[in-house]
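The values are calculated or read from the model by the stated rules, or taken from the named source; none is laboratory data. Predicted, not measured: the structure shown is a model, and the values here were computed from it. A quick note on method: Cβ atoms are made from the backbone with ideal geometry, for glycine too, and the neighbour counts reach across all protein chains shown.
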Amino acid sequence: MTIFLFTIRRCFRNIMNIILLCVLPFIVILMPNEEWTLLPLGFQLYGVVLFFAAARITSIIMEDRTKGVLMRIGVAPVTHLQYLWQNLLAYSLILIVQIVVVIAGGILYGHDLINPFLLLVVYVLFALTAIGFSLAWFSLFRHKETAFVVLMSSIMLMTMAGGMIWSVELMPELLQRLAMLFPTYWLAESLIIVATQADPTELAVPFVVLLLFTAAFLVIGSKRRLS
């Protein structure tokens, strides 16, 4: 598990990573309730923080690729699969711990989270999807800076088009259909189901779609690229 532990340490070496992983979660907790949101405002937007955090820490894999680390792994007693799954496990653990802290903090702060356990499951599934998406995205680029700048813009686009900021129902019908292609849409749908205390079985479809997204992204992103 050497790679796993080393990856966790690497995730906290960058000041921006520390802000996304340690500072913004507390801002999420402290954000006030708003009448126009089903959940406290911070929790309504927390998915955006998760997406950015997943992108930041997953970029470590692209950094290794551009620096030739993956080529050296090819001649080391560590397989590419071991390197990949230990990195992904480290990213997942970091975000899951962050989610637990955010939800526990929200409860202690006095927010009415309605069903904290379901909310935890929703955020965890989305975090895994965000990691998979970021892995697939970085596998398509050769330059980290270019990939990261375009990814940040794409995350904001998916956030707005997927119903994280405003209701998808306010958009034209064509855009409502296109929104279903974004993971953020299914996160927003899951949050609505939890916040309105609908039948939990209604979460089955969003959960399955998020898992399918995750699997597809991991297949695309796990393709070995040495340069």
Any residue at all in region 101-113 that's of a type in the set (Val, Ile, Thr) and in a loop (DSSP other than H, G, I, E, B)? no
Could you please tell me which pairs satisfy a Cβ distance under 9 Å, a separation of 6+ or placement on different chains, a first residue in region 4-28 that is within 15 Å of Ala55 (Cβ to Cβ) and touching a residue at least 12 places away in the same chain (Cβ under 8 Å), and a second residue that is of a type in the set (Lys, Arg) and assigned to a helix (DSSP H, G or I)? Cys11/Arg56; Asn14/Arg56; Met16/Arg56; Asn17/Arg10; Asn17/Arg56; Leu20/Arg56; Leu21/Arg56
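Output the residues belonging to region 1-30 that are outside any helix (DSSP H, G or I) and modelled with pLDDT of 90 or more.
In the first step, residues of region 1-30 are kept if they are outside any helix (DSSP H, G or I); the result is 1, 12-14.
Result: Phe12, single match.
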Output for Cβ contacts, cut-off 7 Å, separation at least six or different chains, first residue closer than 30 Å to Phe126 by Cβ and among the aliphatic types (A, V, I, L, M) in region 70-93, second modelled with pLDDT of 75 or more and outside any helix (DSSP H, G or I), reads Leu84/Ser222
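Please pick out the residue among Ser134, Ser153 that is modelled with pLDDT under 95 and closer than 18 Å to Ala216 by Cα.
Numbers: Ser153 fails: closer than 18 Å to Ala216 by Cα.
Going through Ser134, Ser153 in turn, just one is modelled with pLDDT under 95 and closer than 18 Å to Ala216 by Cα: Ser134.
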When region 124-154 is checked residue by residue, the ones that are surrounded by fewer than 20 Cβ atoms within 10 Å (Cβ to Cβ) and under 23 Å from Val102 (Cα atoms) are Val124, Met152
